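Report on one structure; see the data block that follows.
Each reported figure results from applying straightforward, stated rules to the coordinates on display, with no laboratory input. From a predicted model like this one, the values you see are computed outputs, not experimental measurements. With ideal geometry, Cβ positions are generated from the backbone for all residues, glycine too; neighbour counts draw on all protein chains shown.
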Amino acid sequence: MAARPLLRAVITGPPGSGKGTVSARIVKHFALKHLSSGDLLREHTQRRTEVGILAKSYIDQGRLIPDEIMTRMVLSELKGLERYDWLLDGFPRTVAQAEALDKQCQIDTVIDLDVPFETIKYRLTARWIHPASGRVYNLEFSPPKTLGIDDITGEPLVQRDDDKPETVTKRLQAYDAQTKPVLEYYRAKGLLKSFSGTETNKIWPHIYAFLQTKLPDVSQKDAAAPR
Ligand code: AMP
């Protein structure tokens, strides 16, 4: 049997789109290498490498790392994965990064998680905290008995700045502005595969079916009902 070409896939989606869950499921079923630019940066920061120290100030301010630094780091990491199928996550975030990636390898497909902003906003703003104890509630999964009130002390719950609707809207708008051109870039090349929906569990079977046309499922069990 002729060897199949190695898969070069990118996954993209805004914060709160379920990208982490979907990536983990893809890795479990299809045994490809998962390279997340955010994880890679955090690793560098922890190891206090030159790039890590530089990157930290950008990350702390919620800004993108300059293309040149980012591209050098990710492309060199991908060189080490030449013999594997891989899934790239968090990169490219700009058209310049996408062009640099194209020079090194040929991307086969871009999996885009297209989740409505309202759904994401609901998910990301669902977390409420009781500051004194650190107790965390989630309106979806573990709501307090009374909205806005700690079950044990009866004191008011608060939202972290990051979880407040205004902040979440800003983060989503920033993502949209940065990523739209990248999505358009791949759409024009016929590589963009968008999966739309409001629930990860409903989107996942479609992604699974799509990837099955490209890679064998190596997870032994649950192949018929992918989770
Ligand atoms: P993430 O975990 O993907 O949200 O990434 C965390 C932070 O790392 C981002 O907010 C950016 O500051 C930085 N970062 C990750 N990937 C990239 C990229 N492709 N280009 C520029 N900055 C990035």
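Residue-wise test of (1) crowded, with 17+ Cβ neighbours inside 10 Å; (2) over 29 Å from Gln61 (Cα atoms); (3) touching a helix residue (DSSP H, G or I) at 6+ places or on another chain (Cβ under 7 Å).
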site: Val115; (1), (2), (3): yes, no, no
site: Ile129; (1), (2), (3): no, no, no
site: Leu139; (1), (2), (3): no, no, no
site: Gly148; (1), (2), (3): no, yes, no
site: Thr200; (1), (2), (3): yes, yes, yes
site: Lys214; (1), (2), (3): no, yes, no
site: Ser219; (1), (2), (3): no, yes, yes
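Given the condition surrounded by 14 or more Cβ atoms within 10 Å (Cβ to Cβ), in a loop (DSSP other than H, G, I, E, B) and hydroxyl-bearing (Ser, Thr, Tyr), answer yes or no: does some residue in the range 14-21 qualify? There is at least one residue in the range 14-21 that is surrounded by 14 or more Cβ atoms within 10 Å (Cβ to Cβ), in a loop (DSSP other than H, G, I, E, B) and hydroxyl-bearing (Ser, Thr, Tyr).
Within the option set Leu183, Leu139, being touching a residue at least 60 places away in the same chain (Cβ under 8 Å) and under 23 Å from the mean Cα position of the chain (by Cα) holds for one residue only, Leu183. Taking the range 64-101 as the range and being of a type in the set (Ser, Thr, Tyr) and either without any contact (Cβ under 8 Å) to a residue 60 or more places away in the chain or within 7 Å of the ligand (Cβ to nearest atom) (or both) as the test, the residues that pass are Thr71, Ser76, Thr94. Quick check, is Ile111 in a strand (DSSP E or B) and buried (at least 18 other Cβ atoms within 10 Å of the Cβ)? Yes, satisfied. Across the range 35-63, the number of residues qualifying as assigned to a helix (DSSP H, G or I), of a type in the set (S, T, N, Q) and within 11 Å of the ligand (Cβ to nearest atom) comes to 3.
Could you identify the single residue in Leu88, Leu41, Leu64 that is in contact with a strand residue (DSSP E or B) (Cβ under 9 Å, 6 or more places away or on another chain) and closer than 20 Å to Lys19 by Cβ? Step by step, each of Leu88, Leu41, Leu64 is checked, and only Leu88 is in contact with a strand residue (DSSP E or B) (Cβ under 9 Å, 6 or more places away or on another chain) and closer than 20 Å to Lys19 by Cβ. For the range 21-34, taking the residues that are out of contact with any strand residue (DSSP E or B) (no Cβ under 9 Å at 6 or more places or on another chain) and not hydroxyl-bearing (Ser, Thr, Tyr), the one that is nearest to the ligand (Cβ to nearest atom) is identified as Arg25. Checked against the criterion of being of a type in the set (A, V, I, L, M, F, W, C), crowded, with 17+ Cβ neighbours inside 10 Å and more than 15 Å from the ligand (Cβ to nearest atom), the candidates Leu124, Leu157 yield just one match: Leu157. Within the range 190-204, being more than 19 Å from Tyr122 (Cα to Cα) and in a loop (DSSP other than H, G, I, E, B) holds for Gly190, Leu191. If you go through the range 160-192 and pick out every residue that is among the basic types (Lys, Arg) and buried (at least 17 other Cβ atoms within 10 Å of the Cβ), you end up with 1.
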